[in-house]
Amino acid sequence: MVYIPLDSSRESSVALLREGNTFISTRCERYDTDIFRARLMMEKTICLRGEAAARLFYDEQRFTREGAAPGLLVKTLFGVGGVQGLDGEAHRVRKRMFMDLMSDADIKELTHFAVEEWQQAIKSWQRQTQVVLHSAVQRIHFRAACRWAGVPVDEDAVDTRCAEQAAMIDGAGGVASRHWQARRARKHSEAWMAALVEQVRGNRIQVDEDRALFRVSWHRDVQGDLLKPQVAAVELLNLLRPTVAIARFVTFAALALHEHPGWHETLRQDDTWLEPFVQEVRRLYGFFPFLAARVREDFEWNGYRFPKGGRVMLDLFGTNRDPRSWAQPDEFRPERYEREAINAYNFIPQGGGEHAVNHRCPGEWFTIALIKEGVRQLTRHMTYEVPQQDLRIDWSRMPIIPESRFVIASIRPTATP
Ligand code: HEM
């Protein structure tokens, strides 16, 4: 049996909160390893990084997600009873519901709604001195997602409901007020969504049968039962909240366009480089840093012992910047994809493995489509200035965001090229 290096601190949670995204990779470099043990959130945890570790982590025979996610995340980001904590057949049945909602027609329709919302927003931005891009795009995505899902929202409730989605995302890795805000937001949002589910079931509101609100409300679990309204609410929020979260990637795309003006010009011309540009935004600015699972039964891997019930954490942040997979990993270089190959375990900003089988994010196609649309809008449908502001990224913050949230000014719509 091979010794797994032990992080020197008796309890490393404080260091995790202090260092944030780089916590695992810093230690992997310090101990010259892809695996180490640490005590995190009062529990012995094995931390892993890199492509080979990701392949292991997504081996369903070896790991379960049940009871793996830290309570703080469940109460803010995930919610109780959602797909993230299911295993085996129960997971597969629930996951199919999500996968069925991600058809090409769904991607096209969501993008179409987003385009309409962008066009309307850009017109209104002309009258404003400045716009904070991150919150403005959250609103665009929220409205587009609600239209796509068939979720009715009163016009005067849009800002509050959108802010709740944003708070759940932003509070996920936070403590103190950020954490409590996220919990309150989840409570209010779940109550809103659960009431809608009851109205659909009681035929008190009319929703098209293809809409997510209808499909989730009438989804039956592995036993053939309808989901509890609270669980259906969690799953509907698993569609709305992350679509709002894509605004973070659009904000980082705007930052990349600003820092690399050559790309702004290239992308303004046509879509040739759009996909690699978007992939590089997702790789470098992935804002979901780690994932947790539990060991099903004792096993050994490369001589290391994994004890039954033990918690394991996979480093998404570090794997996406692993120099064994990526040349000059900290540099923004969309052209790298001409030579460097993506696979389901080295490029994992939204998890790895197979979408239908593993827990890999079913929203990757929505994400890529909406970042692409954001880039098209920023480069082709408007002009703007980027005033002096603090664009630094605090890598210890989870989730990351430029300090100023990317402020733009002197916004003018441009005629469609
Ligand atoms: C799962 C990230 C967008 C729905 C995940 C996971 C990550 C992730 C890291 C966990 C993978 C794992 O446990 O192995 C992101 C990021 C997004 C995003 C960074 C961009 C903002 C979306 C969108 C949707 C979505 C747009 C739906 C419309 C889900 C669901 C799961 C999930 C339902 C749970 C899947 C499962 O447990 O099987 N996402 N996601 N996500 N994501 Fe996303």
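See the values below:
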{"read-out": "Residues that are within 20 Å of the chain's Cα centre (by Cα), aliphatic (A, V, I, L, M) and crowded, with 16+ Cβ neighbours inside 10 Å, drawn from the range 154-196", "value": "Ala163, Ala166, Ala167, Met168, Ile169, Ala172, Ala182, Ala185"}
{"read-out": "Qualifying residue in the range 246-258 (condition: away from the ligand (no atom under 13 Å from the Cβ), free of Cβ contacts under 8 Å to residues at least 60 places away in the same chain and not charged (D, E, K, R))", "value": "no"}
{"read-out": "Out of Asp390, Asp322, sole residue that is more than 16 Å from the ligand (Cβ to nearest atom) and more than 20 Å from Ile35 (Cβ to Cβ)", "value": "Asp390"}
{"read-out": "Meets criteria (without any contact (Cβ under 8 Å) to a residue 12 or more places away in the chain and not small (Gly, Ala, Ser)) for Gln328", "value": "yes"}
{"read-out": "Qualifying residue in the range 264-275 (condition: at pLDDT 95 or above, surrounded by 22 or more Cβ atoms within 10 Å (Cβ to Cβ) and not in a loop (DSSP other than H, G, I, E, B))", "value": "yes"}
{"read-out": "Number of positions in the range 200-234 that are under 27 Å from the mean Cα position of the chain (by Cα), in a loop (DSSP other than H, G, I, E, B) and more than 24 Å from Leu110 (Cα to Cα)", "value": "4"}
{"read-out": "Pair list, Cβ < 8 Å and 6+ apart or interchain, from the range 273-292 residues that are of a type in the set (D, E, K, R) to residues that are part of a strand (DSSP E or B) and near the ligand (Cβ under 9 Å from one of its atoms)", "value": "Arg282/Pro349; Arg283/Pro349"}
{"read-out": "Number of the exception - Leu239 against (1) within 17 Å of Val74 (Cα to Cα); (2) more than 10 Å from the ligand (Cβ to nearest atom); (3) surrounded by 18 or more Cβ atoms within 10 Å (Cβ to Cβ)", "value": "(2)"}
{"read-out": "So Ala69, is it outside any helix (DSSP H, G or I), buried (at least 17 other Cβ atoms within 10 Å of the Cβ) and within 12 Å of the ligand (Cβ to nearest atom)", "value": "yes"}
{"read-out": "Enumeration of residues in the range 130-139 that are aliphatic (A, V, I, L, M) and either in a strand (DSSP E or B) or in contact with a Phe, Trp or Tyr (Cβ under 6 Å, 6 or more places away or on another chain) (or both)", "value": "Val131, Val132, Leu133"}
{"read-out": "Flag if Glu117 is touching a helix residue (DSSP H, G or I) at 6+ places or on another chain (Cβ under 6 Å), part of a helix (DSSP H, G or I) and either away from the ligand (no atom under 12 Å from the Cβ) or closer than 20 Å to Leu40 by Cβ (or both)", "value": "yes"}
{"read-out": "Every residue from the range 72-99 that is near the ligand (Cβ under 8 Å from one of its atoms), hydrophobic (A, V, I, L, M, F, W, C) and not in a helix (DSSP H, G or I)", "value": "Leu86"}
{"read-out": "Among the residues listed as Val197, Val153, the single one being of a type in the set (A, V, I, L, M, F, W, C) and part of a loop (DSSP other than H, G, I, E, B)", "value": "Val153"}
{"read-out": "Neighbours by Cβ (under 9 Å, 6+ apart or cross-chain): first from the range 20-31, closer than 11 Å to Arg49 by Cβ; second of a type in the set (Ser, Thr, Tyr) and at pLDDT below 95", "value": "Phe23/Ser12; Arg27/Ser12"}
{"read-out": "Condition met for Glu373 (of a type in the set (Asp, Glu) and either under 22 Å from Glu280 (Cα atoms) or within 16 Å of the ligand (Cβ to nearest atom) (or both))", "value": "yes"}
{"read-out": "The lone exception for Ala90 - which of (1) among the aliphatic types (A, V, I, L, M); (2) farther than 30 Å from Val216 by Cα; (3) touching a residue at least 12 places away in the same chain (Cβ under 8 Å) it fails", "value": "(2)"}
{"read-out": "Exclusive hit being out of contact with any Pro (no Cβ under 9 Å at 6 or more places or on another chain) and buried (at least 19 other Cβ atoms within 10 Å of the Cβ), set Ile400, Ile342, Ile371", "value": "Ile371"}
{"read-out": "Scan of the range 350-396 for residues that are in a helix (DSSP H, G or I) and without any contact (Cβ under 8 Å) to a residue 12 or more places away in the chain, ordered by number", "value": "none"}
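The values are calculated or read from the model by the stated rules, or taken from the named source; none is laboratory data. A quick note: this is a predicted structure, and the numbers were derived from the prediction, not measured. We place every Cβ from the backbone using ideal geometry, glycine too, and count neighbours over all the protein chains shown.
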